[in-house]
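Just below is one structure, and these are the notes that go with it.
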Amino acid sequence: MKDLNHEAIEASTVYMMQRGVYLLQAHRFAGSEMEHANRLLRWADPPPDAEIIDLGSGTGSLEAAWLNMRPDLQFTLVNINKFQLDMSPKACRTILCDMEAVPVEDGQFDMALACFSIGHGDPKAVMKEAARLLRPGGVFFIYDMLPNPDKTAEMTAFHYELHPRETMERWASETGFWTDFYMEPSDRRTVYDRVPELADVFHDIQPAIYRFIRG
């Protein structure tokens, strides 16, 4: 996983939360944070009583929203930053570790998530780890972005690596997944009203959703 500036992560987490932004993602696919989380939940479509591992969970705000809508779900949250991980919902199991090397036995989960996180690591390595953690038929749900050559410097400063759809789907196939669906959702951009600085980096970057199935 890339070397991250943990002090900057912690400062930006506090900054965004002070401005009423709790889902630490740069896009909004619906008007409110709860509606945005609900839309991600519908696209991910976890089965009843699913055991889900989130690879790069931030503060666990997505899980808090999903549990409000789907209390049957069970979550394990993975984050390399202790400050964020300590904010996770008490109902969730937490693991402080690199998302490319999770100290859990093979085949323990029905779904893995990487929502606005996979580019902080080596995406193919994260896919390989997700495939190891999932049961056969398990889902790897990814919310990521497509590269924009005009934003390379900004994304490098953000310590985030972007790859085109073709590359992501090829790596998924090479690590044991097949593509269930892919989409490029529209961004409502409402988060920029609270944190205008995000627009300088993300307003010209297209979000992308992948739902992969482990073979």
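The values are calculated or read from the model by the stated rules, or taken from the named source; none is laboratory data. What you see is a predicted model, and the numbers here were worked out from it, not measured in a lab. Methodologically, a virtual Cβ is constructed for each residue, glycine included, from the backbone with ideal geometry; neighbour enumeration extends over all protein chains shown.
Things to note:
- Test: residue in segment 6-27 that is out of contact with any helix residue (DSSP H, G or I) (no Cβ under 7 Å at 6 or more places or on another chain), surrounded by fewer than 21 Cβ atoms within 10 Å (Cβ to Cβ), not in a helix (DSSP H, G or I) and not aliphatic (A, V, I, L, M): no
- Filter result for P196 (under 20 Å from E33 (Cα atoms) and either in contact with a Pro (Cβ under 7 Å, 6 or more places away or on another chain) or surrounded by 14 or more Cβ atoms within 10 Å (Cβ to Cβ) (or both)): no
- Restricted to segment 65-178, the set of helices (runs of 4 or more DSSP H) holding at least 1 residues that are crowded, with 18+ Cβ neighbours inside 10 Å and at pLDDT below 95 comprises 152-157.
- Residue list for segment 58-69, filter: more than 22 Å from H6 (Cβ to Cβ) and in contact with a Pro (Cβ under 7 Å, 6 or more places away or on another chain): A64, L67
- In segment 181-215, residue nearest to A112 (Cα to Cα) [restricted to those that are without any contact (Cβ under 8 Å) to a residue 60 or more places away in the chain and part of a loop (DSSP other than H, G, I, E, B)]: E184
- So D98, is it within 16 Å of G60 (Cβ to Cβ) and out of contact with any strand residue (DSSP E or B) (no Cβ under 7 Å at 6 or more places or on another chain): no
- For S173, the requirement of being closer than 21 Å to E63 by Cβ, of a type outside the set (F, W, Y) and out of contact with any Cys (no Cβ under 7 Å at 6 or more places or on another chain) is not met.
- Residue in segment 102-115 that is out of contact with any Leu (no Cβ under 9 Å at 6 or more places or on another chain) and under 24 Å from T156 (Cα atoms) present: no
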